[in-house]
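The values are calculated or read from the model by the stated rules, or taken from the named source; none is laboratory data. Please read all numbers here as calculations on a predicted model, not as lab measurements. Note that we place each Cβ from the backbone using ideal geometry, even for glycine, and neighbour counts take in every protein chain shown.
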């Protein structure tokens, strides 16, 4: 359909015909996606992110969000967002290097460094941008990156952008990672891992990787996207819980999950952050993320300190949930946190069971390639502090009913 202000082409053909012909291959690709049960519809949420949400007009108990502590829709954070926007604007208006870095961004960076026990931090528009920019800055031609097979797409893309020699080791296999580092010559070496893997719910062997980095004189980069705010005495993440903060060269995370805001960050030695300020392209050439989002993250970090009971209850509920599914021989792999996969044979099976759960009143997304390897499909259950035990029990009963039959 052409716009009313559009001037017709002088060829005599309909305005959109050449365009349609040039894009015909896209429809063919979409048809293949649909036939493979890999099509993903857009769901429109009405209202705030919460334990019960409305998607496309249907009210469902929400097990498909990354709002692990229930802060995304918290009135205190909504108020902080409004105050931040009133003080410093709806948008940052410029890149951080020009005039986009506000007082709120500066305060957020300092608060993050305090929480993580690092010297300095850098705020990115997203966790994805933080990973792609940082990894591609720290390694290049002649360098070696050793990366876990189940790392997030943003890590994978950062590795590709670096043009370094990228080698993938089997999931959580330190022995294989060590062999790569010890046998492949390189100018510099970088070990890259998620701390909590977003689809498996498994935890990286961080203590072993820290020792490996020391033994091979490698940099260790850990992405705490799904762990920040949820582990450790102070809630800073699995690095704190493992007691290896001084051994991790680069700490990456997001503000958009447990912290209920938006954006990403990199934290570490002051020299690292100064270097990234002059080389990280997605930080240098993007408008700074909204000051209101920084205000939200500042408030949620305060609440994480004041409300440790949220992460404690989440951990307890997740443990009971995993145990119940395991007792009924539901395949949850080696999950050990608040992300619980239910592994299924095919994309079709995942879609069918997700639809059945929707009819029961639960939103549980079916995860299929390319989000997971081609030979894998699963249901991804994201537990949150705001889920009641009765709701969690009802979900587990439904899963056992559909998957166990």
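Yes or no, residue by residue, for (1) in the same structural domain as residue 108 (by TED's automatic domain parsing); (2) on the phi < 0 side of the Ramachandran plot; (3) without any contact (Cβ under 8 Å) to a residue 24 or more places away in the chain:
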position: 298; (1), (2), (3): yes, yes, no
position: 314; (1), (2), (3): no, yes, no
position: 327; (1), (2), (3): no, yes, yes
position: 336; (1), (2), (3): no, yes, no
position: 343; (1), (2), (3): no, yes, no
position: 359; (1), (2), (3): no, yes, yes
position: 362; (1), (2), (3): no, yes, no
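Determine whether residue 401 is in a helix (DSSP H, G or I), surrounded by fewer than 17 Cβ atoms within 10 Å (Cβ to Cβ) and in contact with a helix residue (DSSP H, G or I) (Cβ under 9 Å, 6 or more places away or on another chain).
Yes; evaluated as a whole, the condition is true for this residue.
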Regarding residue 394, is this residue under 17 Å from residue 66 (Cβ atoms), surrounded by fewer than 22 Cβ atoms within 10 Å (Cβ to Cβ) and out of contact with any strand residue (DSSP E or B) (no Cβ under 7 Å at 6 or more places or on another chain)? no
Across the stretch 215-226, which residue is surrounded by the fewest Cβ atoms within 10 Å (Cβ to Cβ) among those that are touching a strand residue (DSSP E or B) at 6+ places or on another chain (Cβ under 9 Å) and free of Cβ contacts under 8 Å to residues at least 60 places away in the same chain? 217
The stretch 366-391, residues that are assigned to a loop (DSSP other than H, G, I, E, B), under 19 Å from residue 65 (Cβ atoms) and modelled with pLDDT under 90: 368, 371, 372
Would you mind telling me which numbered condition in (1) under 30 Å from residue 83 (Cβ atoms); (2) at pLDDT 95 or above residue 282 fails? (2)
Within the stretch 231-252, is even one residue under 26 Å from residue 164 (Cα atoms), under 13 Å from the mean Cα position of the chain (by Cα) and either in a loop (DSSP other than H, G, I, E, B) or outside the structural domain of residue 319 (by TED's automatic domain parsing) (or both)? yes
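Just need a number here: residues in the stretch 273-303 that are in a helix (DSSP H, G or I) and within 14 Å of residue 124 (Cβ to Cβ). Even if it seems obvious, please write down each step before you answer.
Pass one, the stretch 273-303, residues in a helix (DSSP H, G or I): 273-279, 281-284, 291-303.
Add one more test, that the residue is within 14 Å of residue 124 (Cβ to Cβ), and what stays is 273, 276-277, 279, 281-284, 293-294, 297.
Result for the stretch 273-303: 11.
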Residue, farthest from the chain's Cα centre (by Cα), within the stretch 114-152, restricted to residues that are surrounded by fewer than 19 Cβ atoms within 10 Å (Cβ to Cβ) and touching a residue at least 40 places away in the same chain (Cβ under 8 Å): 142
Subset of the stretch 304-350 (residues that are in contact with a strand residue (DSSP E or B) (Cβ under 9 Å, 6 or more places away or on another chain), surrounded by 20 or more Cβ atoms within 10 Å (Cβ to Cβ) and assigned to a helix (DSSP H, G or I)): 318, 321, 322, 325, 347, 350
Any residue in the stretch 70-80 that is within 19 Å of residue 361 (Cβ to Cβ), free of Cβ contacts under 8 Å to residues at least 24 places away in the same chain and out of contact with any strand residue (DSSP E or B) (no Cβ under 7 Å at 6 or more places or on another chain)? no
